Ligand SMILES: [Zn+2]
């Protein structure tokens, strides 16, 4: 895909998600013709026309709504794998829609009537990780930076457990007891949508978080897991794999199994898998790697043959939002590493002129060779 086009599509998708959100929010009761939600839909029609292969600008509201209710992959052929729409059958924003919005600066404000409970829960979960970080910083929890690293790594490596007692023991071995206590309190009961009729849970073979169980399919909700083909068709008495071997089937009992909440899985576990993988690859060179140093000032500090790199790993859908979110690291160059499958974002990011403000942009694969070749 040509890179400018990819950026334009990501932007269009962001604006369409916002329009879907505004439409749903402004739609308590009867939608008013000419109301604000309608104006957003008109704009969305324009974005679709500009960024997709549509020959004609969708004119009527019904046409635009049909597009927002269609799988994203049908609108943008380059995203053919994405089968979730922006609006569900009841015209509520889907999780995918909320994810796209979550990256966007144009996110609706806190008091907006359209904000869903789901989204509030998501933010609360993230706040709890941030809280642990500030308690460690202030000394209200012991262990400082190393305890934070252990805490975060543990969450990424244990998003689900079938044995909460065992998890408590392992956490106690990995970090100070007080921090382990706070960590175990973060875990929740496995949600209903992740259990089948017989009370089985299927942890994702990539990220280990419980997969969503639907009538005809079991699949991980993580965009990267999805892209890597973690989904299984469900027939009357069988699971049919696509790209991954069949998942383990875990019988869960009330009180014995638990998982991290959605927000922690989405914003700590999912990106954390990429961070840990890069760290493992670099350590094998060998290079010295510190994860989330200085209480998460950045993701990785990499050292080899007398040189240090300061790295943030960024797996963002929208390179424009990513560019806007960048905060320079005082006195150091911050290397922004995007996954190899987001290579197309580099042209846009480098073209912003941020390299003069103390950033370098590269992919995980290129960064590996940069470190490897540094003699
Ligand atoms: Zn997964």
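The values are calculated or read from the model by the stated rules, or taken from the named source; none is laboratory data. What you see is a predicted model; the values in this text were computed from it and never measured. Cβ atoms come from the backbone with ideal geometry, glycine included; neighbour counts cover every protein chain shown.
Pairing residues of segment 218-230 that are at pLDDT below 80 with residues that are near the ligand (Cβ under 6 Å from one of its atoms) and in a strand (DSSP E or B), at Cβ distances under 7 Å and at least 6 apart in sequence or on separate chains, gives no pairs at all. Listed residues 277, 228; which is surrounded by fewer than 22 Cβ atoms within 10 Å (Cβ to Cβ) and more than 13 Å from the ligand (Cβ to nearest atom)? It is 277. Would it be correct to say that residue 244 is buried (at least 18 other Cβ atoms within 10 Å of the Cβ) and touching a residue at least 24 places away in the same chain (Cβ under 8 Å)? Against the criterion (buried (at least 18 other Cβ atoms within 10 Å of the Cβ) and touching a residue at least 24 places away in the same chain (Cβ under 8 Å)), residue 244 does not qualify.
Filtering 312, 296, 281, 354 for residues that are more than 21 Å from residue 271 (Cα to Cα) and either in contact with a helix residue (DSSP H, G or I) (Cβ under 8 Å, 6 or more places away or on another chain) or modelled with pLDDT of 95 or more (or both) leaves a single hit, 354. With respect to the conditions (1) within 16 Å of the ligand (Cβ to nearest atom); (2) under 16 Å from residue 364 (Cα atoms), residue 284 lacks only one, and its number is (1). Identify all residues within segment 163-209 that are within 16 Å of the ligand (Cβ to nearest atom) and in a helix (DSSP H, G or I); write none if there are none. Within segment 163-209, 193, 194 qualify. Residues that are in contact (Cβ under 8 Å) with a residue 12 or more places away in the chain and more than 22 Å from the chain's Cα centre (by Cα) within segment 172-183 comprise 174, 175, 176, 178, 179, 180, 182, listed in sequence order.
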